[in-house]
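Working notes, structure below.
The values are calculated or read from the model by the stated rules, or taken from the named source; none is laboratory data. Just so it is clear, the structure is predicted and the values come from calculations on it, not from any experiment. Here the Cβ is made from the backbone with ideal geometry for all residues, glycine too, and neighbour counts use every protein chain on show. To get the accessible areas, we keep the full protein, side chains included, count just its heavy atoms, and leave off ligands, DNA and RNA. Shrake-Rupley method; radii C 1.70, N 1.55, O 1.52, S 1.80 Å.
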Amino acid sequence: MVSVESPPVERATAPAPRVKLLKTKVSRRTAWILRVASVAVPFALWWAVSGSGVVPDRFLPAPPQVWAAFTDMVASGDLQNDLLASLGRIGAGFGLAVLVSVPLGFLMGTVGWAQPLFEPIIGILRYLPASAFIPLLIIWLGIGETSKIALLVLGVVFFNTLMTADVVRQVPRRLLDVSATLGAGRARVAARVVFPHSLPGILDALRVNAAVAYNLVVVAELIAATSGLGYRITRAQRFLQTDKIFAILIVIGLIGLTIDVTLRLVRARVGRWSV
Amino acid sequence: MSLRFESVSMAYTPGTPVLEDIDLDIAPGEFVTIVGASGSGKSTLLSLVAGLTKPTKGRIALDGRTVGGPGPDRGMAFQSPSLYPWRTVAQNVAFGLETRGFSRQARKERVAWLLDEVGLTEHAGKLPGSLSGGQQQRVSIARALARSPKVLLLDEPFGALDVQTKEDMQLFIRQVWRDLGTTVVMVTHDVEEAVFLGRRVLVLASDPGRVARDLRVEPLGEGLEVKRSAEFLAVRAQVEDLVRREHRAHLAAAHA
């Protein structure tokens, strides 16, 4: 046996300080309480401030007033029509953007020449704010549906292309190698390996960009529209109907949340194997 | 099947070859293991046979036909099992069979047979993520064997497994080799494994990679206990010395 004496280490006199981890966990119960509080506290504050009379009703309507405005709009059918108009535009604009950006991003992530050809121009275009195109789009396409749908396409297509390309590029090299040794040619690797591997990531990108499209449709409708949730807000502004504006904002928020949750569920189902 | 290297050289960057002037003949049904220090290009050697990399000089021929790219006549498994995580075990094994020429029925039977061979029948419907490392590697090997390749290429297949699993897998792969009669070419950094499994052990030299020694190993016995016998230890020591010498030379070259 050989014993090695270690050099003397200076002993600290104070007890060693406890190191705390940055990431901490809370119990399920606490998490639920916090979730409820996250919505309930701002809501209660709103109610308390509007009820106290510090702020005039005209600026900050109380929840019951907003509820009444909401039921009025539902009864007249305005809300449903506006909602359908907005969702229709999202469906067309976002759908078109997806039809272009997913294949294009897929190409950029797989085929060697597509990346250097498309990346620079898309890299420039995506930093141009879509809403800055509104005047130009109106000059080019008029104030009808086309210019609104075009705005959504512009706002979504570039980001979604680049995000898709990134996801597609993340397919491990080894998986592609293995597939080739199993006799799979390019088309089969694209369809049976790259696509399923990328699908959860593509859906993640869609979820992010659906929110963008949803924001943009309201922006588009604030200017030169005769229907849609954005149009309803500008109309209400003209008559100082802040209760209506509040009701529409809440509807916009809830619909957005529904879209998000739906996409999240789809994503969880498709991507069971990832995580 | 015979696998032939004809003065094969490979350089990823011109002027610094990873492999130089490899001449090699591998007979049908051989179990060849390849060891060598890092920088000896042993993985590159397999990659060339698989057709994933093209040699800068010379040619590789399988049954007289030049290897021009990857193909199902050469099955390959890597250190990382690289399974399709969204496919079940059975669907992973079936991947190579999903082309014209295999009826649904033929595919099903072949997959069932392969899963039985690798002992994973009861895991057929599971996703790879729920399997242990050793099981995943079995799936990967079964997948590589699906199209009855003439040669099975294994690139450090057990390198990431714990010692006990690794020894199970050594016995497993030898059994597969016996049952199927396929040629196996296996790269490993574990000399013990190379001597235990290989009927022929190739020791590669580094900078550039060449075949430094081509050893025939007589089967010393079946079980793992062979690893403790004097003859086994002697061969192992001999190979280890060769590898170590190349490793030192490689380090010296790197510092120079």
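Could you go through the range B:67-76 and let me know if any residue there is over 27 Å from B:Arg178 (Cα atoms) and small (Gly, Ala, Ser). Among the residues of the range B:67-76, at least one is over 27 Å from B:Arg178 (Cα atoms) and small (Gly, Ala, Ser), which makes the answer yes.
Out of the range A:255-275, which residues are touching a residue at least 60 places away in the same chain (Cβ under 8 Å) and either within 15 Å of A:Pro200 (Cα to Cα) or within 9 Å of another protein chain (Cβ to nearest Cβ) (or both)? Lay out the reasoning, then the answer.
Of the range A:255-275, the ones touching a residue at least 60 places away in the same chain (Cβ under 8 Å) are A:255, A:263, A:266-267, A:270-271, A:274.
Result: A:Leu263, A:Val266, A:Arg267, A:Val270, A:Gly271, A:Ser274.
What pairs can you find where one residue is in the range B:223-241 and touching a residue at least 12 places away in the same chain (Cβ under 8 Å) and at negative phi, the other is surrounded by fewer than 17 Cβ atoms within 10 Å (Cβ to Cβ) and not in a helix (DSSP H, G or I), and their Cβ atoms are less than 6 Å apart, with a gap of 6+ or different chains? These pairs meet every condition: B:Val226/B:Leu220; B:Phe232/B:Leu220. For the range A:184-198, the criterion of being of a type in the set (Gly, Ala, Ser) and open to solvent by 50 Å² or more (accessible area, probe 1.4 Å) is met by at least one residue. Of the set (1) out of contact with any Ser or Thr (no Cβ under 9 Å at 6 or more places or on another chain); (2) open to solvent by 10 Å² or more (accessible area, probe 1.4 Å); (3) under 21 Å from B:Leu180 (Cβ atoms), all apply to B:Val93 but (2).
Results for (1) surrounded by fewer than 17 Cβ atoms within 10 Å (Cβ to Cβ); (2) at pLDDT 95 or above; (3) part of a strand (DSSP E or B); (4) of a type in the set (A, V, I, L, M, F, W, C), shown as yes or no for each residue.
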| residue | (1), (2), (3), (4) |
| --- | --- |
| B:Glu20 | no, no, yes, no |
| B:Ile34 | no, yes, yes, yes |
| B:Ser40 | no, no, no, no |
| B:Gly69 | yes, no, no, no |
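Kindly indicate whether B:Asp207 is modelled with pLDDT under 90 and either touching a Pro at 6+ places or on another chain (Cβ under 7 Å) or over 16 Å from B:Leu46 (Cα atoms) (or both). Considered against the rule, which asks whether it is modelled with pLDDT under 90 and either touching a Pro at 6+ places or on another chain (Cβ under 7 Å) or over 16 Å from B:Leu46 (Cα atoms) (or both), B:Asp207 comes out as yes.
What pairs come out if I take residues in the range B:40-65 that are away from chain A (no Cβ under 14 Å) and pair them with residues that are β-branched (Val, Ile, Thr) and open to solvent by 10 Å² or more (accessible area, probe 1.4 Å) whose C-beta lies under 6 Å away, six or more apart or interchain? Listed pairs, sorted by first residue: B:Gly41/B:Val18; B:Arg59/B:Thr66; B:Ile60/B:Val67.
Is the range B:232-241 home to any residue that is open to solvent by less than 60 Å² (accessible area, probe 1.4 Å), modelled with pLDDT of 90 or more, among the basic types (Lys, Arg) and closer than 23 Å to B:Glu167 by Cα? So far as the range B:232-241 goes, no, none of its residues is open to solvent by less than 60 Å² (accessible area, probe 1.4 Å), modelled with pLDDT of 90 or more, among the basic types (Lys, Arg) and closer than 23 Å to B:Glu167 by Cα.
Taking first residues from the range B:131-156 that are more than 12 Å from chain A (Cβ to nearest Cβ) and touching a residue at least 60 places away in the same chain (Cβ under 8 Å) and partners that are among the aliphatic types (A, V, I, L, M) and surrounded by fewer than 24 Cβ atoms within 10 Å (Cβ to Cβ), the Cβ contacts under 6 Å between residues at least 6 apart in sequence or on separate chains come to B:Lys150/B:Met1. Cβ-Cβ contacts under 8 Å between residues 6 or more apart (or on different chains), taken from a first residue in the range A:76-104 that is touching a residue at least 24 places away in the same chain (Cβ under 8 Å) and farther than 30 Å from A:Ala187 by Cβ to a second residue that is outside any helix (DSSP H, G or I) and among the small types (Gly, Ala, Ser), are listed as A:Asn81/A:Ser227; A:Asp82/A:Ser227; A:Asp82/A:Gly228; A:Ala85/A:Ser227; A:Ala85/A:Gly228; A:Ser86/A:Gly228; A:Arg89/A:Gly228. Consider the range B:174-191 and keep the residues that are farther than 14 Å from B:Pro28 by Cα and of a type in the set (A, V, I, L, M). The one that is surrounded by the most Cβ atoms within 10 Å (Cβ to Cβ) is B:Val187. Only one entry of B:Leu171, B:Leu202, B:Leu161 meets the criterion of being in contact with a Gly (Cβ under 7 Å, 6 or more places away or on another chain) and either open to solvent by 30 Å² or more (accessible area, probe 1.4 Å) or outside any helix (DSSP H, G or I) (or both), and that entry is B:Leu161. Only residues that are away from every other protein chain (no Cβ under 12 Å) and of a type in the set (D, E, K, R) were counted across the range A:181-225, and they come to 3. Of all the numbered requirements in (1) within 14 Å of chain A (Cβ to nearest Cβ); (2) in contact with a Phe, Trp or Tyr (Cβ under 7 Å, 6 or more places away or on another chain), B:Lys166 misses one, and that requirement is (1). Within the range A:114-166, the set of residues being touching a helix residue (DSSP H, G or I) at 6+ places or on another chain (Cβ under 6 Å), open to solvent by less than 60 Å² (accessible area, probe 1.4 Å) and free of Cβ contacts under 8 Å to residues at least 40 places away in the same chain comprises A:Ala114, A:Leu125, A:Phe133, A:Leu137, A:Leu154. Take the conditions part of a helix (DSSP H, G or I), within 14 Å of the chain's Cα centre (by Cα), more than 14 Å from chain A (Cβ to nearest Cβ) and surrounded by 18 or more Cβ atoms within 10 Å (Cβ to Cβ) and apply them to B:Ala194. Does it pass? For B:Ala194, the condition - part of a helix (DSSP H, G or I), within 14 Å of the chain's Cα centre (by Cα), more than 14 Å from chain A (Cβ to nearest Cβ) and surrounded by 18 or more Cβ atoms within 10 Å (Cβ to Cβ) - is met.
Taking the criterion of being within 25 Å of A:Arg272 (Cβ to Cβ), part of a loop (DSSP other than H, G, I, E, B) and more than 10 Å from chain A (Cβ to nearest Cβ), the only residue of the range B:89-118 that qualifies is B:Val118.
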